[in-house]
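Asks: Encoded as structure tokens, here's the structure I'll be asking about.
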Amino acid sequence: MNRTDQTPEPEQTRQTFMKGLAAGGVALAGAAMFVPALKALAAASGSARKVASGKGEWRPTTCQGCTSWCAVQVYVQDERAIKIRGNPHSKVNNGNCCVRAHLALQQVYDPDRLRTPLKRTNPKKGRNEDPKFVPISWDEALDTIADKIKELRDNNETHKYMLMRGRYTYMRDIIYDRMTKIIGSPNNISHSAICAEAEKFGPFYTEGLWDYRQYDVLNTNYALVWGADPLSANRQVSHYSSVWGQVMERATIAVVDPRLSATAAKADEWLPIKPGEDGALAVAIAHVLLTEGLWNREFVGGFHPQSPVQAFEAGTEIPLEFTAEVDGKSVKLPTFEENHTHGLVEWWNLELRDKTAQWASERAGLPVDQITRVAIGLGKAAPRAMVWVGGGPVMQVRGGYSSMAAHALNGLLGSADNVGGTMAANKEYTGKFPGDKKDKKTPLGPFLDDIAKAGKAHKKIDQRGTKEFPALKKGHPGTGVVTNNAAEGILNEDPNEIKVVIGYFNNFTFSCPQAERWERAMAKIPFTAHLTTHASEFSWFSDILLPCSHHLFEKWGYVKSHGNGYRHVTMNQQVIKPVWDVKTDETEIPWEIATKLAERGFTNLLEHYKQYKDPETGKAPTNAGEFALYALKHATQKLWDPEQHAGGDTFSGWEDFRRKGVWNSDPYPFRKRWGAFKTRTHKFEFYSETLKHALEEHAEAHETTVDGILEATKYLARGELAFVPHYEEPFVWGDEKEYPFVHVDYKSRLNREGRSANCYWYNEFKDLDPGDEAWSDVAKLNPVDGRRLGIKDGDTIKLTSPTGSLTCAAKLWEGVRPGTVAKCYGQGHWTYGRVAAKEFGRIPNGGNNNDIIPADYDRLSGATAFYGVVRVKVTKV
Amino acid sequence: MVITSEYQRATTYQLLSDCFREPGQGLLDKLAGLDGTCDSLQQQLRDSVGSPPDMERLAIDHARLFVGPFTTAAPPYGSVYLEAQARLMGDSTADAAVWYGEDGLENTLSEPPDHVIIELEYMHFVALKAAEALNAGEAEKASYYLGREEQFLADHLGRWIAAFTQRMEEHAETAFYCCLARLTRQFVADAAVFSLCAEEVRDVDSA
């Protein structure tokens, strides 16, 4: 304690004190003077006297640090969240929880967290313009937003309203769909395309599955993990991490990745492929499987016993039919009788026949014998041999066909929907909210007035469905979002300008490639409200900030996930009383806005929300909190209500479900989709009639041919090749001479999507990722390259691409393919808190990969290209 | 007199607590209303506000220092300074809540209980209770509250106020918050010096 060397004033000595007391009281009169002026503190209510009981309990909720969406539990003691663990009731993650879950504790109790609504006082927007936010009340914030929306309505400009969605729960339609429609705009833009949409492209156009897969690793004998890192990121990390030891004991594991990932480090084979050449490797493996006769007979079929051709020979075309004598007549019979597949021989003829391992070796930069060995290993293990297609090979400019080619191998191996192979998600029974397309009882129609109908009819801002952006989601042209292209639409006011934006749980100004375009787009938009837990780059350009509840501790909602042969539906629950005056983005804030709009004479939104009744009591919601809870109960009713039970776990009622926190599906019905794939032929298509149909539809809509579409979408194939998985030369920005290194992006075991950088533990334990360093953001070069450039560990270097640059630290490491530079995504925030930024508002810690990655796409799926897309040069700073 | 100075201490704690809240007309009026009998600290505060006060500048400075967004230059929470890795809602936070509970109080501000506003208000409470007890000649009660005053400084506010106010002073862009930082630090340091221990009070009573 600071002791001053001031001597006490005379009055303060003990003598005078004694004298004063002996004199019996002083001239301070009036009891009123002694009434404490308490504003923050108040007399404790009865129960509050029990402070520090020392008792705690585990409360169920959900972690959305990545898309594993694990069911977890939080240990809460005296209203404080202390610890996190997996929820043992989940059959998907089985009480396991990965390391990144714990970082959430540093997020919810982060001193840089948004605590109050704020408004911008500096009207200028730009990287160098301090917004000068000041706190305002919730009332003022909501009034402002409602006024802006009302203004659009009054001027018939509702199509200039835009909802940007980043991360979400399945309460999302309340704000993303219903609110946008009722206001009257077509512009609800999700983040999906900066997610791994291209991963879904291959599975859809082969087996009719536009979704992520789960993998029966515990029953497999060979796993080819392609540009995925199950121990670190993306799919049910908690489950796969917990069983991977067992998998390694029984199965051969091969990993395709230009860098040595955590999974690769433990694999039997590491295939350090040249970025962008995944298609070459995939078609070569297919070629080897066929020429070696290792395709799975049960699933694929075999040569007709009478066919003169009985084998696939390199280089040799195979006739589709042959003539035979049957009962004295000449008949045409198929050379190859397919069981559950379609178009194998066409595929061979069009693409596979000359795609030998030798041919692929030259392109992929992998040894011939390794390619052959892996292919044969897969074939011999079939059907318990899987190809796990991650984001790496597919989120590239020409990644659509690589996605098909890699996933098609599961068709050849007979592991699609089979034991030891790749699976879809089990059936679950959550319901939709009122106003759903199929809802006859409470349709949305009555809430869409003429203004809304007119507004909704405008074209969307992200250019989807234009000739250049087919975005062929589930076979329907123009339905997949092209998130990153929305910036273009905004900047060019094409099809129209955007005037009012609500963005939630997002940060496109950091998370989208060529992020500076979003800075320019945001600076142009006259009014943006950012709904978030932490202010970030997107907030820097916003007008109103609304502090939101943290999804893991303070929010009601639900998400679904699959793994281990199950699907679970797990609820986000409010397990602590929020410390600050936060509200939930997807439910409470829309309700409050609806209330404000109703006060201004526009009642449709509020009246629609009042339809979300409590399934237990039939009561309509009367406030935001009730709305959030009733909506959740409504959507999950078939899971917890014994009278509506449709499958999976049973509960005695809502409270039973809430206490356990998670519902599990029935076990996986292997092979149920055999013969019933959602493709046009209902078979696993090697020649994709489904893709053919979609491309032709899109071509016709734009008065061109399929070839014309392929040209517009930057693909090289022409003719029939468009309908089969095939090799496409990679499209990589940057001339090889000027930009000698291909950039390899990847995700950390500690990334909570892009949100971990302000957590101390993220930085402290960053070396958990192979080759990375604690408290640093390193770009890794192979020592051969590093030495040639005269770069040492720790040097500050600049990575420059044709579209931007970033500065970070250098590391020489053998786990990186020569000719590439590997750097993790997640750091480089220039405004995100004291830990994330080196000098807040100016200098980030590390560099944002999106500053060097150009805004390009696989236009067939609409996915943003993150991998195999850009070359950089490396210079010392 | 001791009682007067204890009372003065209590009112100063309350004034300081108010000064850390969002600056508004209420605060300016309060500062302006401080008459000539207020001590030099209160005079300095009043004078540093500026004439006329620039409300917007004050609001922006307050937000940058204590509220955010993005980051706060001087996070106003005990645990940030008392515990590792600048965390909130740590064990020290929980302990502050225990203190309030023991005196029949609970925090109703939407902030962690170790926010400087709340800790200062708690000091106001115990100091005022002590002054009241002294005035009424209730030695045991006075001893209790004087003890609370001293101990809370030793366990909580006194342990982090210097680091916190130093950060404030470094980053404040207005004279008011610069002055508030300096005066708060000085005041709390002096208060610790002038704390009377309970023993002394009991001795006095039996004398």
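Asks: Averaged over peptide A:535-542, how many Cβ atoms belonging to another chain are found within 10 Å of each residue's Cβ?
Replies: 2
Asks: I've got another one for you. Sticking to Cα atoms, compute the Rg of segment A:169-280 to one decimal and its Dmax as the biggest Cα-Cα distance, whole number, in Å.
Replies: Over segment A:169-280's Cα set, Rg and Dmax evaluate to 18.1, 57 Å.
Asks: Pairs of alpha-carbon atoms within less than 8 angstrom and 6+ residues apart define the contacts here; what relative contact order does segment A:63-121 have, in percent?
Replies: Here the relative contact order equals 24 percent.
Asks: Further, regarding this structure: Too long at a 27 Å Cα-Cα cut-off: which of A:Lys438/A:Lys596; A:Lys432/A:Lys619; A:Lys119/A:Lys596; A:Lys119/A:Lys555?
Replies: A:Lys438/A:Lys596
Asks: At 0.36 nm per residue, minus the direct Cα-Cα distance, what do A:Arg127 and A:Ala620 gain on full extension? Give it in nm, one decimal, please.
Replies: Taking A:Arg127 through A:Ala620 to full extension adds about 172.9 nm, to one decimal.
Asks: Moving on. Using the Karplus curve 6.51 cos²θ - 1.76 cosθ + 1.60 with θ = phi - 60°, work out ³J(HN,Hα) for each residue of segment A:432-444 in order, rounded to whole Hz, and write x for Gly and Pro.
Replies: 8, 7, x, x, 5, 3, 8, 7, 8, 6, 10, x, 7
Asks: Pull up the cross-link candidates among the lysines for A:Lys873, meaning alpha carbon to alpha carbon under 22 Å and not fewer than 8 places away within one chain.
Replies: Result set, ordered by chain and number: A:Lys274, A:Lys737, A:Lys747, A:Lys780, A:Lys792, A:Lys798, A:Lys811, A:Lys823.
Asks: Work from the charge dipole of the protein assembly as shown (Cβ charges, +1 for Lys and Arg, -1 for Asp and Glu, about the Cα centre) and give the residue of A:Ile502, A:Val331, A:Cys548 farthest towards its positive end.
Replies: The Cα lying farthest towards the positive end belongs to A:Val331.
Asks: Moving on to the next point. At 0.36 nm per residue, minus the direct Cα-Cα distance, what do A:Asp666 and A:Thr323 gain on full extension? Give it in nm, one decimal, please.
Replies: Full-extension gain reported as 118.6 nm.
Asks: Let me ask something additional. Taking both sides together, what accessible area is buried at the B/A interface, probe 1.4 Å, expressed in Å² and rounded to the nearest 100?
Replies: 6100 Å²
Asks: I'd like the accessible area for A:His458, computed on protein heavy atoms only with a 1.4 Å probe and all protein chains in place. Round to 10 Å², please.
Replies: Looks like 80 Å² after rounding.
Asks: Can you give the charge dipole size of chain B about its Cα centre, rounded to the nearest 20 debye, using +1 on the beta carbon of Lys and Arg and -1 on the beta carbon of Asp and Glu?
Replies: It works out to roughly 520 debye.
Asks: Show which aspartates and glutamates lie in cross-link reach of A:Lys355 when reach means a straight Cα distance below 19 angstrom and same-chain residues fewer than eight apart are skipped.
Replies: Reachable aspartates and glutamates: A:Glu277, A:Asp278, A:Glu292, A:Glu313, A:Glu317, A:Glu346, A:Asp369, A:Glu720, A:Glu728, A:Glu729.
Asks: In addition: Segment A:551-669: Rg/Rh from Cα coordinates, Kirkwood Rh?
Replies: We get a ratio of 1.03 for segment A:551-669.
Asks: Please list, or write none, the aspartates and glutamates whose alpha carbon is within less than 13 Å of the alpha carbon of A:Lys460, excluding same-chain residues fewer than 8 places away.
Replies: Within the straight-line cut-off, A:Lys460 pairs with A:Glu488, A:Glu493, A:Asp494, A:Glu497.
Asks: Next question. Nearest 0.05, what FRET efficiency do A:Gln246 and A:Ile376 give at R0 = 35 Å with Cβ-Cβ as r?
Replies: For R0 = 35 Å, the calculated efficiency reads 0.90.
Asks: Hey, another quick one. To the nearest 0.05, how large is the calculated FRET efficiency for A:Asn155 and A:Thr479 if R₀ is 30 Å and r is the Cβ-Cβ distance?
Replies: 0.55
Asks: Within 11 Å, Cβ to Cβ, of A:Lys747, how many net charges do the neighbouring residues add up to if Lys/Arg are +1 and Asp/Glu are -1?
Replies: Charge balance near A:Lys747 sits at -1.
Asks: Then there's this: Using the Kirkwood formula over every pair of different C-alpha atoms, what hydrodynamic radius in Å results for chain A?
Replies: The Cα-based Kirkwood calculation yields 29.2 Å.
Asks: Could I ask something else about it? Taking the Cα-to-Cβ direction at A:Ala42 and at A:Asp147 and moving 7 Å from each Cα, how far apart do the two end points lie in nm?
Replies: 3.0 nm
Asks: Right, something else. Can you give me the P(r) profile for segment B:2-206? Cα pairs, bins 10 angstrom wide beginning at 0, each as a whole percent.
Replies: 9, 35, 35, 18, 4, 0
Asks: Roughly how many Å is it from the Cα centre of segment A:107-174 to that of segment A:310-328, as a whole number?
Replies: A separation of 66 Å, based on Cα centres.
Asks: Could you sort A:Asp327, B:Asp91 by accessible area so the largest value comes first, with the probe set to 1.4 Å?
Replies: If we order A:Asp327, B:Asp91 from most to least accessible, we get A:Asp327, B:Asp91.
Asks: Here's something else I'd like to know. Please tell me the relative contact order of chain A in percent, rounded to the nearest whole number, where contacts are Cα pairs under 8 Å and at least six residues apart.
Replies: Computed over chain A, the figure is 18 percent.
Asks: What residues of segment A:52-93 lose no less than 10 Å² of accessible area with every protein chain in place versus their chain by itself (probe 1.4 Å, heavy atoms only)?
Replies: Flagged in segment A:52-93: A:Ala52, A:Arg80.
Asks: Next up: For chain A, report the accessible area per residue in Å² (1.4 Å probe, heavy atoms, rounded to an integer).
Replies: I get 35 Å² per residue for chain A.
Asks: Another question, if that's okay. Which distance in nm do the two modelled labels at B:Met55 and A:Glu711 give, with both placed 7 Å along the Cα-to-Cβ direction?
Replies: Placing both labels 7 Å along Cα→Cβ, they lie 6.5 nm apart.
Asks: By DSSP, what percent of the beta bridges with both residues in the protein assembly as shown are antiparallel, rounded to the nearest 5?
Replies: Roughly 60 percent of the DSSP beta bridges within the protein assembly as shown come out antiparallel.
Asks: Let me ask something additional. Please give the charge dipole size of segment A:470-621, origin at the Cα centre, charges +1 on K and R Cβ atoms and -1 on D and E Cβ atoms. Round to the nearest 20 debye.
Replies: 500 debye
Asks: Related question: If you wrap a convex hull around the Cα atoms of segment B:13-123, how much volume per residue is inside, in Å³?
Replies: Taking only Cα atoms, segment B:13-123 has a hull volume of 121 Å³ per residue.
Asks: Tilt of helix A:368-381 relative to the longest C-alpha principal axis of chain A, in degrees (0 to 90, nearest 10)?
Replies: Computed tilt is about 90 degrees.
Asks: Let me ask something else about it. For A:Ile843 and A:Ala314 in one chain, what is 0.36 nm times their gap in residues minus the Cα-Cα distance, to one decimal in nm?
Replies: Length difference between fully extended and current span is 184.8 nm.
Asks: May I ask you to give the percent of accessible area on the protein assembly as shown that is carbon plus sulfur, with a probe radius of 1.4 Å?
Replies: Roughly 48 percent of what the probe reaches on the protein assembly as shown is carbon or sulfur.
Asks: Oh, and also: Once the whole set of protein chains is in place, how much accessible area is left on A:Glu753, using a 1.4 Å probe, in Å² to the nearest 10?
Replies: Probe radius 1.4 Å; accessible area of A:Glu753 about 50 Å².
Asks: For B:Ser143, what accessible area in Å² do you get when you roll a 1.4 Å probe over the heavy atoms of the protein chains, rounding to the nearest 10?
Replies: 10 Å²
Asks: Have a look at the DSSP beta bridges in segment A:227-345 and tell me what percent are antiparallel, nearest 5.
Replies: 75 percent
Asks: Right, here's the next one. Could you check the simple spin-label distance between A:Glu493 and A:Glu79, using points 7 Å along Cα→Cβ, in nm with one decimal?
Replies: Roughly 5.1 nm, to one decimal.
Asks: May I ask which residue of B:Pro69, B:Thr165, B:Leu183 lies farthest towards the positive end of the charge dipole of segment B:59-207, with charges of +1 (Lys, Arg) and -1 (Asp, Glu) on Cβ and the Cα centre as origin?
Replies: B:Pro69
Asks: Follow-up question, since we're still on this one. Taking the mean number of other Cβ atoms within 10 Å as a proxy for protection, how do you rank A:497-508, A:142-153, A:309-320 from highest to lowest?
Replies: Ranking the peptides A:497-508, A:142-153, A:309-320 by packing returns A:497-508, A:142-153, A:309-320.
Asks: Follow-up question, since we're still on this one. Contact order normalised by length for chain B, with contacts defined as Cα pairs under 8 Å and 6 or more residues apart; what percent is it?
Replies: 26 percent
Asks: Past 32 Å, Cα to Cα: identify those pairs from A:Lys678/A:Lys766; A:Lys83/A:Lys838; A:Lys499/A:Lys876, in the order given.
Replies: Correct reply: A:Lys678/A:Lys766; A:Lys499/A:Lys876.
Asks: Order A:Asp450, A:Asp139, A:Asp439, most accessible first, counting only protein heavy atoms with a 1.4 angstrom probe.
Replies: Solvent-accessible surface, decreasing: A:Asp450, A:Asp139, A:Asp439.
Asks: Once both axes come from the Cα atoms, what is the angle between helix B:116-135 and the longest principal axis of chain B, in degrees from 0 to 90, rounded to 10?
Replies: 30 degrees
Asks: Roughly how crowded by other chains is peptide B:94-102, in terms of the mean Cβ count from those chains within 10 Å of each of its Cβ atoms?
Replies: 4
Asks: What value in Å³ per residue do you get for the convex hull of the alpha-carbon atoms in segment B:35-99?
Replies: It is 137 Å³ per residue.
Asks: Here's another thing I want to ask about it. Which angle from 0 to 90°, rounded to the nearest 10, does the C-alpha axis of helix A:588-599 make with the longest principal axis of chain A?
Replies: 70 degrees
Asks: Still on this structure, I have one more. Just checking the output field for B:106-116: average partner chain Cβ neighbours within 10 Å of each residue's Cβ?
Replies: Average per residue, whole number: 5.
Asks: Given Cβ point charges of +1 (Lys, Arg) and -1 (Asp, Glu) and nothing else, what value in debye, to the nearest 20, does the dipole of the protein assembly as shown about its Cα centre take?
Replies: With only Lys, Arg, Asp and Glu charged at Cβ, the dipole is about 1580 debye.
Asks: Related question: By per-residue mean of other Cβ atoms within 10 Å, what is the highest-first order of A:826-837, B:165-176?
Replies: Ranked from most to least packed, the peptides come out as A:826-837, B:165-176.
Asks: Shifting gears a bit: Using a 10 angstrom cutoff on alpha carbons, build the Gaussian network for chain B and name the most mobile of B:Ser51, B:Ser92, B:Ser40.
Replies: The residue with the greatest mean-square fluctuation here is B:Ser51.
Asks: Now, a different point. Which order do A:Glu703, A:Glu519 take when ranked by solvent-accessible area (1.4 Å probe, heavy atoms of all protein chains), largest first?
Replies: Descending order: A:Glu703, A:Glu519.
The values are calculated or read from the model by the stated rules, or taken from the named source; none is laboratory data. If you're wondering where the values come from, they're calculated on a predicted model, not measured in any experiment. Counting neighbours? That spans all protein chains shown, and the Cβs are built from the backbone with ideal geometry, glycine included. Calculation scope for accessible area: heavy atoms of the full protein, side chains included, ligands and nucleic acids excluded. Shrake-Rupley method; radii C 1.70, N 1.55, O 1.52, S 1.80 Å.
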